[in-house]
Amino acid sequence: MTDTSLAPTAASITPTVVSNSVSQRVSRVLLGVALLVLLFYFVVYVAYAANLMRFPFDYDQGEGFELVDTILFSRGEWPYRNTELFPFYSSNYPPLFHVLAAPLVWLFGPAYWYGRLLGFLGTLVTAGAIAYAVYRDGVRRRGNGHLLIAALSGLAYLASNTVYHIGPLFRQHASMVMFETLAVVVLAYANEIEDTRQRRRTLAIGLLLVIAAGYTKQLAAVTALAVGIFLFIRQPWRAVVWGLGAAVVGGAIFVWMTWATDGEWWRQAILANVNDLNVQQSVGLFRLWFSLHGWLIVPAALLVIYELYFDRLSLYAIWFVLAAGITGMASGTWGGGDSYFASAIAAACILSGIFAARTLAADWPFPDNYLSRLFVKPLRRYAPALSRAALLIVPLLYLGYGRAVLHLPTQEPVFREIAALLNVRPNALNAFYDSARTADGQFATGYADIGHFTTPADINAGWQLVNIIQQAEGHALSEEAGFSLAAGREVITNPTQLLNLDKRGLYDGSALIQMIENREFSLIIFRAQFYPPRILRAVGDHYEHYESVAMNGFEYRLLRPKP
Amino acid sequence: MLDTTFTLTKRQLGLILLVGGLAGFTGILAIDILDVGREGGIGPAQQIALGLCAVAALLGLSLIPLGNRPA
């Protein structure tokens with residue numbers, strides 16, 4: 001079998017000429033500039049994370065309920081509960097993220113900062129795993145990895161608009177992607193390990209990480225599928241044996257949780273999480289994903305095609321295709337959004353990094369087949385020119401990506417001067433600029449309306465709401481948990497979960513409606529009104545709006561019983 | 001397949017994708033044929049699924065000539 005390579009041959013171009021070429025020097029300079037650009041986004045990310053950690057209330061819708069789940073676990077209680085009984089509360093997320101954060105409740109009491117710190121650290125671990133995967137590919141293929149491309153790949157993950165705005169939240173999504181990425185990186189070469197004990201240990205660790213991802217968020221099922229397909233392609237019998245083992249472990253935890261919660265884990269976290277798909281939202285988010293990350297998606301897709309026809313399919317490629325295809329499509333479900341692309345972004349960062357490093361090393365062997373005869377052989381005489389062009393194209397990919405994901409605050413010290421230099425005008429709340437939005441602030445349906453920095457005025461408004469709850473006699477029904485927690489009041493209901501259950505026909509609500517009709521709540525605070533319609537109707541019949549408080553870009557509507 | 005050195009070839013993967021794609025395509029169309037009381041015709045999600053099945057079948061077809069190279 002003969003190999004056709006696009007790499008320049010010794011006869012066509014000598015290594016000495018290449019190393020001294022202008023192209024290489026320009027390439028290095030451009031790569032350095034790309035590194036500076038992505039490091040700038042890292043600084044923006046750290047500043048944003050620090051800002052959010054100082055903000056003591058809900059920033060993203062639902063963060064407070066994640067904190068409530070964490071508090072319940074810290075007390076040794078399950079958050080999967082019967083929502084027909086007072087206080088009508090249940091969680092719809094798996095437990096691992098909250099269990100990991102629970103010891104911090106013991107140490108620091110209820111607070112948002114440590115959950116946000118965990119999410120932030122999770123993204124750093126993911127970025128590190130991406131960089132390691134890219135570097136390791138070079139070591140395995142050529143004996144040396146490309147450190148700069150590896151660093152750019154990890155930083156590219158953190159520079160993504162999507163990763164930026166969900167990373168430092170008290171939400172479990174970033175941690176799920178961390179476990180997924182670690183699992184994929186651990187398992188990518190597991191089959192090639194010749195030492196039996198080491199291979200088994202690697203497979204066990206990798207599959208435990210997949211289970212950890214699944215028990216952080218249900219969406220990781222797609223990564224489990226990718227891992228299963230990869231292992232099956234590489235060695236079907238091993239895939240069946242280890243797949244059964246992982247299913248037994250994961251299934252046993254599942255059955256235990258269902259039994260221990262009297263079936264509420266199954267009802268609240270699984271049945272209530274099957275939501276309707278809005279295809280238009282998915283399509284809009286796919287377009288946005290490509291417009292922001294196309295500079296990474298195109299090389300990633302090229303590497304997938306290369307592996308499909310000229311090499312072995314890697315776990316990274318299968319993960320990328322499934323995460324983009326299935327999870328991306330699921331972004332259009334109720335409760336979904338651009339965060340659903342985070343796994344595909346991590347996979348794209350790995351694949352594009354490997355593509356870039358191999359291109360710089362002219363490491364593209366093409367085995368002889370009908371496709372290489374058709375498409376590669378005719379290009380062979382252009383190989384030296386293509387190699388020189390590639391030296392410039394690779395850094396331009398990262399520079400193009402850096403331009404596409406532009407986001408920064410425009411009124412904070414230092415950032416203000418940079419924004420003025422770039423002639424960037426804010427298009428989001430609190431003078432933030434986000435390239436995912438149009439100049440007048442419009443954005444695709446499902447794209448999270450966050451990313452801006454909070455202000456002292458937001459914090460003051462939050463404390464104002466806390467004071468109002470403290471002064472209320474009797475129960476207060478707040479759509480966000482943070483105010484009730486800060487006021488020392490009981491958290492009543494998780495509205496979005498009631499809505500999830502209601503959409504699946506799993507919610508009655510008569511006990512809560514009775515309390516509303518009896519006007520047992522002296523205060524109701526609405527934000528997005530994500531309650532089942534009949535709850536909203538009951539509130540409308542028995543309560544009246546008397547004041548609004550603006551905080552973090554939202555209007556918090558205060559309602560009291562009608563006279 | 002029980003051999004620990006067995007690995008799927010490009011041809012085998014191609015056949016799996018071809019058969020799976022064709023079966024999926026037929027199955028999705030069959031929903032409308034068998035479930036005659038169903039209204040609305042082929043919806044957007046079905047159209048996307050049909051497209052993906054067709055792509056899988058074509059990909060499979062293009063892999064079959066690659067023979068016994070490991071997938």
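Every read-out reported here was derived from the displayed coordinates using simple, explicitly stated rules and does not represent laboratory data. For clarity, every value in this text was computed on a predicted model and none was experimentally measured. Here Cβ is always computed from backbone atoms with ideal geometry, including for glycine, and neighbour counts include all displayed protein chains.
One table, with the values for the structure above:
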item: Per residue Cα convex hull volume in Å³ - calculated over chain A; result: 164 Å³
item: Relative contact order for region B:10-66, counting Cα pairs under 8 Å that sit 6 or more residues apart, in percent; result: 67 percent
item: Contour minus Cα-Cα distance for A:Q442 and A:A385 (0.36 nm per residue); result: 16.2 nm
item: Alpha-carbon radius of gyration plus Dmax, which is the widest Cα pair, for region A:456-561 in Å; result: 13.5, 42
item: Stokes-Einstein diffusion coefficient of region A:16-141, Kirkwood radius over Cα pairs, 20 °C, 1.002 mPa s, in µm²/s; result: 117 µm²/s
item: Point-to-point label distance, A:Q464-A:W106, nm (Cα→Cβ direction, 7 Å offset); result: 4.0 nm
item: Hull volume in cubic angstrom per residue (convex hull over the Cα atoms of region B:10-66); result: 51 Å³
item: Values of log10 I(q)/I(0), in the order q = 0.19, 0.20 Å⁻¹, for region A:353-504 under a Debye, Cα-only, solvent-free model; result: -1.14, -1.18
item: Chain A, relative contact order [Cα under 8 Å, separation at least 6], %; result: 20 percent
item: Region A:26-92, Cα convex hull volume normalised per residue, Å³; result: 140 Å³
item: Using alpha-carbon coordinates, inclination of helix B:10-34 to the longest axis of chain B, degrees; result: 10 degrees
item: Dipole axis of region A:456-561 (+1 Lys, Arg; -1 Asp, Glu on Cβ), positive-most option in A:Y507, A:Q529, A:P561; result: A:Y507
item: Taking region A:378-471 and dividing mean pair separation by its residue count, relative contact order in percent (alpha carbons under 8 Å, at least six apart); result: 19 percent
item: At least 15 Å along the helix axis (C-alpha) and Kyte average at least 0.5, DSSP helices within chain A; result: A:22-53, A:63-74, A:96-108, A:147-159, A:173-187, A:196-214, A:221-234, A:236-260, A:279-310, A:342-360, A:383-404
item: In degrees, nearest ten, helix B:44-63 long axis to first principal axis of chain B (Cα); result: 20 degrees
item: Relative packing of peptides A:500-512, A:142-154 - highest average C-beta neighbours within 10 Å first; result: A:142-154, A:500-512
item: Cα centre as origin, Lys/Arg/Asp/Glu Cβ charges: chain B dipole, Debye; result: 360 debye
item: Charge-dipole axis of region A:248-395 as Lys and Arg at +1 and Asp and Glu at -1 on Cβ define it, positive-most pick from A:W256, A:L303, A:I393; result: A:I393
item: Sequence of A:Y546, A:Y41, A:Y114 once ranked by neighbouring C-beta atoms within 10 Å, starting from the fewest; result: A:Y546, A:Y114, A:Y41
item: Signed unit charges on C-beta, dipole axis of the protein assembly as shown, positive-most listed residue B:A49, A:V321, B:S62; result: B:S62
item: Nearby aspartates and glutamates by direct alpha-carbon distance to A:K562 (threshold 20 angstrom, same-chain neighbours under 8 apart not counted); result: A:E473, A:E479, A:E517, A:E520, A:D541, A:E544, A:E547
item: Percent of C-alpha pairs per 10 Å bin, region A:232-313, short to long; result: 14, 19, 23, 35, 9, 0
item: Computed magnitude of the charge dipole of region A:296-393 (debye, nearest 20; Cβ of K, R +1, Cβ of D, E -1); result: 460 debye
item: Theoretical gain in end-to-end length, A:E547 to A:R201 [0.36 nm per residue, Cα-Cα removed]; result: 118.5 nm
item: Computed magnitude of the charge dipole of chain A (debye, nearest 20; Cβ of K, R +1, Cβ of D, E -1); result: 2200 debye
item: A:A457 versus A:V274: modelled label distance in nm, points set 7 Å from Cα along the beta carbon direction; result: 4.7 nm
